[in-house]
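Asks: Have a look at this one.
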Amino acid sequence: MSSDRLFRGPIDLHTHSRVSDGTESPAQLVRAAAEAGLGTVALTDHDSTAGWAEASTAAVGNGITLIPGMELSTRVEWSSVHMLAYLFDPNNAKLVAETARIREARLHRAEEMVARIGRDYDLEWDDVVAQTDPGSTVGRPHIADALVARGLVGTRSEAFEGILHWRAGYYQPHYAPDPLAAIELVVAAGGVPVMAHPATRSRTDVALEGRMRSYADAGLFGLEIDHRENTPEGRVRLRALAAKYGLALTGSSDYHGEGKPNRLGENTTAPEVVDALIARATGITPVYAG
Ligand code: AMP
Ligand code: FE
Ligand code: FE
Ligand code: ZN
């Protein structure tokens, strides 16, 4: 497949639908991406591939190329680290089992957080269920939506800055694999791992930098450098790390529909980087439109 069919417009490699914590269905998201003038979009819901089929159909219908992907939850020490994964075999047994385990852990963790919040606020688990599509990956954003629906906060972001912040005392972590294990799983499934927004907080960044050689050796393909939450100083360090370990640099919006201010295409990835990413993958190929 020649790449000229792929590169008909800007490339955005990180978006979320209602299959996780975005606010649009996969089909609505793909349509919005085409309307925003993108030539290629990756769907990267948290810990789930459940949106791939619908997004693929919509991509063909809207004349846009789809790169099926996922944003895997991982953890280093006490910090959450996100690992983007592209073009892996969605039926790989180990990856399927691990993502199911993470989603299950997320569900129990959300129930426990809501039980704690419910002691101080008028919030019940059913409020969260009402905000979550059946089978989708549950996260704090759904609790945030429930808090908004109850009139306890004005917006998702307000919930994250207040009740859902770890400092508020209701926060609870959930099981997630180590980033190295996640990279190995993705590579074994024929996929291509890219570390998501790796420069947002200095303490975690330092922990990650010390481990970067092992990540690169295990098959990490790239670092998501152009992301609105990476700090300017962090981007300088990411550039140096990429040069040192031969990692690619990507950029993307991390679009969540109305759930976050991030807009489709606000950051993009160079076509030659996506070319190399596709060449690296052995799981599946992109869904080329037309
Ligand atoms: P969780 O993984 O359940 O702890 O929730 C974290 C997720 O919430 C991240 O993946 C973000 O997509 C989302 N998120 C974080 N901060 C905000 C915010 N201020 N507004 C909306 N969504 C957010
Ligand atoms: Fe998210
Ligand atoms: Fe993320
Ligand atoms: Zn994301």
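Asks: Determine the distance separating the Cα centre of segment 108-162 from the Cα centre of segment 239-290; give it in Å without decimals.
Replies: Measuring centre to centre over Cα atoms gives 31 Å.
Asks: Right, next: If R0 is 25 Å, what FRET efficiency do you get for Y288 and A188 from their C-beta distance, rounded to 0.05?
Replies: E between Y288 and A188, to the nearest 0.05, is 0.45.
Asks: So, counting K/R as plus one and D/E as minus one, what does the shell of residues with Cβ under 15 Å around V273 add up to?
Replies: Within the 15 Å Cβ shell, the charges total -3.
Asks: Sequence-distant or interchain residues sharing an amide H contact under 5 Å with R75, placed H: which?
Replies: HN-HN under 5 Å from R75: V81, D178.
Asks: Cut-off 18 Å, label point 7 angstrom out along Cα-to-Cβ of V236: give me the residues of segment 189-223 whose amide nitrogen falls inside.
Replies: 198-203, 205-206, 209
Asks: Using a 10 angstrom cutoff on alpha carbons, build the Gaussian network for the chain and name the most mobile of E209, E98, E161.
Replies: E161
Asks: Follow-up. Would you mind checking which residues have amide H under 5 Å from G257's amide H? H placed 1.01 Å from N; only 5 or more apart, or other chain.
Replies: Amide H neighbours of G257, under 5 Å, 5+ apart: H16, T23.
Asks: Can you compute the modelled spin-label distance between S202 and S80, with each label point 7 Å from Cα toward Cβ, in nm?
Replies: 2.3 nm
Asks: Moving on. Taking just the alpha carbons, could you work out the radius of gyration and Dmax for the chain, both in angstroms?
Replies: 18.2, 58
Asks: Provide D47, D178 in ascending order of the number of other Cβ atoms located within 10 Å of each residue's Cβ, fewest first.
Replies: Fewest to most other Cβ atoms nearby, the residues stand as D178, D47.
Asks: Mind giving me the nanometre distance, one decimal, between the label points for D178 and R263, set 7 Å out from Cα along Cα→Cβ?
Replies: 4.2 nm
Asks: Still on this model: Evaluate the distance, in nm, between pseudo-label points positioned 7 Å from the Cα of A243 and of K94 along their respective Cα→Cβ axes.
Replies: Here the answer is 3.5 nm between the modelled labels.
Where a number appears in this text, it was derived from the coordinates with a stated rule and is not lab data. These figures come from a predicted structure and were not determined experimentally. So basically every Cβ, Gly included, is an ideal-geometry build from the backbone, and we count neighbours across all protein chains shown.
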